[in-house]
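Peer 1: My questions all concern the structure below.
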């Protein structure tokens, strides 16, 4: 029988509809895979009993012909989404064993459409990180490993020719893997690792500065950051409210489109949620891209960019051109200010959002001699070093005497970045093609210890999208010299995710799919 965890989400939907297998069988297959893959540390909480109960309910609806868009499909949920009566920690000690009495809007819509929850997925603490190394539950491991190509000898063979007996040994290439564990990217590293490793058909993520697209690129899967306001933020632990946006991970562009249809929609509980109809995103897959104008921004050719990334970018552009799209060079002049502006705005909003974690209402509490000392003790023990760093930066840039010099100036730069995109789209550009990351995945512990800015630079190609509130998708497009996946990014017009799915499908069909060797099984 086919390994049920190796199917795409679309294939699983078709199999359920054809009664080739049941949702309970799909769920049990994934629960078994999760047990074997605990070395990846992708899940921080497994919910097998709830998953099986949901699967049985889905099977009953399927039998009655009442299937929803995701009926019976097992998914993983980033541990930033509130799940009623199921532990929510944001992968921080400060939330302790908090079980919310409510459900996030995004997850409630997934359950409405019949999806099955396998468990909660690891992430950087409060989504602050680019490698998923800041989680209180420890780092997530990327299912990919660097290749080490060598040669092995076949057994000696005896060939006889006219001149007599000739002995020879045949050499053939073999692939060995470097045991060094790699990061899956962050902050949604658990989501990306689980999807790539076949531990769920899809997963939820959040993207504040690249936290869906960057891990998708590092793990060889597809990740979409929707337009700001497309998916409700209600019930999602806040990092930076004006930048955060929920989005889907899946192994193919089509699967991502299927998930997006259930996740998107207006929510009156979220004042930033946009009241627009939700299209059938899957219908965009396979649509012609002939005549579309694709912008290639010259500012994304950064100093020190690797030849592999440059080559991949050029290859992606040629694939789109071969499909009938027109390539045009564009300029986004304020791109160079995006990263420093982002690391003023995001920490400022984080320092405000995280003020609520004080040990009074919920979560961990460390007592002190008075209430001020209790606050100090609780926050010192509950927050990890990266979260403390960003709170301090944010508090500093919002303080008297520095608010105008830093925060207001960063917001002005943000407006200029948004205007750059608006001018390009006004010239008829349908989408913009860029690299997704400056490199392939790196080793756990290799970056950021001595200099946090080294880690922040991983978001150099992605933060502009959040600053402008635009949609962006990362699609796997190739591998580096060590066999690690590399991704390309497509940036779209506001609320035009359909174009990104059409273009992303062209890249996927040209590049093919990428699957890691199951070294952990």
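All of the numbers you see were taken from the coordinates with simple rules; none came from a lab. In this text, all values refer to a predicted model and were calculated from it rather than measured experimentally. Every residue, glycine among them, receives a Cβ derived from its backbone with ideal geometry; neighbour counts consider all protein chains shown.
Peer 1: Going by how many other beta carbons lie within 10 Å of each one, how would you line up 64, 321, 13, fewest first? Walk me through the numbers on the way to the answer.
Peer 2: Numbers: 64 8, 321 13, 13 20.
Ascending Cβ contact count within 10 Å gives the list 64, 321, 13.
Peer 1: Exposure proxy check: 6, 232, 108 ranked by fewest other beta carbons within 10 Å?
Peer 2: On the way: 6 13, 232 25, 108 19.
Taking fewest neighbouring Cβ atoms as first place, the list is 6, 108, 232.
Peer 1: Quick check: pseudo-label points 7 Å beyond the Cα along Cα→Cβ at residue 63 and residue 411, how many nm apart are they?
Peer 2: 5.8 nm
Peer 1: For the ranges 299-306, 247-254, what's the packing order if you count other beta-carbon atoms within 10 Å of each residue, average per peptide, and put the highest first? Please list the in-between numbers first.
Peer 2: Numbers: 299-306: 12.9, 247-254: 27.8.
Sorting 299-306, 247-254 by mean packing, highest first, produces 247-254, 299-306.
Peer 1: What does the extension gain come out to for residue 280 and residue 321, with contour length at 0.36 nm per residue minus their alpha carbon separation?
Peer 2: Computed gain between residue 280 and residue 321 is 12.2 nm.
Peer 1: Place the peptides 366-375, 478-487, 40-49 in order of packing, highest mean first, counting for every residue the other Cβ atoms within 10 Å and averaging per peptide. Mind showing how you got there, number by number?
Peer 2: Details: 366-375: 12.4, 478-487: 21.2, 40-49: 19.6.
Ranked by mean Cβ neighbours within 10 Å, highest first: 478-487, 40-49, 366-375.
Peer 1: Separation of segment 241-276 and segment 475-521 by C-alpha centroid, Å?
Peer 2: Between the Cα centres of segment 241-276 and segment 475-521 lies a distance of 19 Å.
Peer 1: A follow-up question, please. Just subtract the alpha-carbon distance of residue 422 and residue 331 from 0.36 nm times their residue separation and send over the number in nm, one decimal.
Peer 2: Working: separation 91, 0.36 × 91 = 32.76 nm, distance 1.16 nm.
Result: 31.6 nm gained on full extension.
Peer 1: Mind running the shape call on the chain? Use the C-alpha gyration tensor, a ≥ b ≥ c as the square roots of the eigenvalues: rounded below 1.5 for a/c, prolate if a/b tops b/c, oblate otherwise. Let's see the in-between values first.
Peer 2: Numbers: a/c = 1.39, a/b = 1.25, b/c = 1.11.
Rounded is the answer for the chain, as its axis ratio a/c remains below 1.5.
Peer 1: Now for a different question. Residue separation times 0.36 nm, minus the C-alpha to C-alpha distance between residue 270 and residue 517: what's the value?
Peer 2: On the way: separation 247, 0.36 × 247 = 88.92 nm, distance 4.15 nm.
Net length gain for the segment: 84.8 nm.
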